1. Being touching a residue at least 24 places away in the same chain (Cβ under 8 Å) and touching a helix residue (DSSP H, G or I) at 6+ places or on another chain (Cβ under 8 Å) is the filter; apply it to segment 1-24 and report the residue that is most open to solvent (accessible area, probe 1.4 Å).
2. Out of all the residues in segment 38-61, which are free of Cβ contacts under 8 Å to residues at least 12 places away in the same chain and farther than 29 Å from Ala5 by Cα?
3. With the condition kept exactly as written, say whether any residue in segment 81-90 is open to solvent by 70 Å² or more (accessible area, probe 1.4 Å) and hydroxyl-bearing (Ser, Thr, Tyr).
4. Quick one: how many residues across segment 109-125 are in a loop (DSSP other than H, G, I, E, B), surrounded by 11 or more Cβ atoms within 10 Å (Cβ to Cβ) and within 28 Å of the chain's Cα centre (by Cα)?
5. What is the number of the single condition among (1) farther than 30 Å from Thr140 by Cα; (2) assigned to a loop (DSSP other than H, G, I, E, B); (3) of a type in the set (A, V, I, L, M) that Ile69 does not meet?
6. Look through Tyr146, Tyr135 and report the one residue that is over 30 Å from Glu79 (Cα atoms) and aromatic (Phe, Trp, Tyr).
7. Give segment 132-157 a look and list any residue that's in contact with a helix residue (DSSP H, G or I) (Cβ under 9 Å, 6 or more places away or on another chain) and either within 27 Å of Asp108 (Cβ to Cβ) or not in a loop (DSSP other than H, G, I, E, B) (or both), or say none.
8. Go through segment 41-56 and give me each residue that's touching an Asp or Glu at 6+ places or on another chain (Cβ under 6 Å) and open to solvent by 90 Å² or more (accessible area, probe 1.4 Å).
Amino acid sequence: MADAADFNIIIDATGSKEVNQLLKEIKRERFILLNAVDVPDECDFYFSSLLKYKNLKVAVSSDGASPTITQVVRDKLKEYLPKTLGDLVEQKSSEREIGIIDIERTKDEAHKLFGKVYLVGCGIGDPDLFTIKAYKTIQTVDVVFYDNLITEEILRLVPPEVEKILCW
């Protein structure tokens, strides 16, 4: 008991039932937070697999059930999340400090970090044969990459504000 006297947060990784029982007695006597490794039901807190993007933190937890799974999920999220996410958070923090809070613009900027790529086939080049889905898609994009096989008629379907890049 004396070993725990100066601590309010204790991690029990001993696997010993006797130590666990002793720590439960200490909890009854005074305030401590306990993490009993591999015994999720006896934990007051859990560790998470953490991703840090400057001020943005993304935590994954299985409530102690499987740290291995949380690591796999964390690593998959890391592959998907844009590396510049933290930069956007810092920018928004700076804006907030001077009173600029534009929720819709922030959502748009965050969504753009995740970007999408569409491959739209143009068939034989006749815009009358374009599918509705293909037309709607090119109406919503920011950039169109095209080659010399695309007809001028199809290029005219692309909104004027969309950047068009010729790729050979």
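The values are calculated or read from the model by the stated rules, or taken from the named source; none is laboratory data. Please read all numbers here as calculations on a predicted model, not as lab measurements. Here the Cβ positions follow ideal geometry from the backbone for every residue, glycine too, while neighbour counts run over all protein chains shown. Accessible surface areas use protein heavy atoms only, side chains included; no ligands, DNA or RNA. Shrake-Rupley method; radii C 1.70, N 1.55, O 1.52, S 1.80 Å.
1. First, pick out the residues of segment 1-24 that are touching a residue at least 24 places away in the same chain (Cβ under 8 Å): 1, 4, 7-13.
Cutting the leftovers down to touching a helix residue (DSSP H, G or I) at 6+ places or on another chain (Cβ under 8 Å) gives us 1, 4, 10, 12.
Values: Met1: 101, Ala4: 13, Ile10: 23, Asp12: 10 Å².
Result: Met1.
2. Lys57, Ala59
3. Scanning segment 81-90, I find no residue that is open to solvent by 70 Å² or more (accessible area, probe 1.4 Å) and hydroxyl-bearing (Ser, Thr, Tyr), so the answer is no.
4. Taking segment 109-125 first, the residues in a loop (DSSP other than H, G, I, E, B) are 115-125.
Among the residues that remain, those that are also surrounded by 11 or more Cβ atoms within 10 Å (Cβ to Cβ) are: 118, 120, 122-123, 125.
Among the residues that remain, those that are also within 28 Å of the chain's Cα centre (by Cα) are: 118, 120.
Counting residues in segment 109-125 that are in a loop (DSSP other than H, G, I, E, B), surrounded by 11 or more Cβ atoms within 10 Å (Cβ to Cβ) and within 28 Å of the chain's Cα centre (by Cα) gives 2.
5. (2)
6. On the way: Tyr146 fails: over 30 Å from Glu79 (Cα atoms).
Just a single option satisfies the conditions, and that option is Tyr135.
7. In the first step, residues of segment 132-157 are kept if they are in contact with a helix residue (DSSP H, G or I) (Cβ under 9 Å, 6 or more places away or on another chain); the result is 135, 138, 142, 144, 146, 151, 153-154, 156-157.
Residues satisfying the conditions are Tyr135, Ile138, Asp142, Val144, Tyr146, Glu153, Ile154, Arg156, Leu157.
8. If the condition is that a residue be touching an Asp or Glu at 6+ places or on another chain (Cβ under 6 Å) and open to solvent by 90 Å² or more (accessible area, probe 1.4 Å), then Lys54 is the only one that fits.
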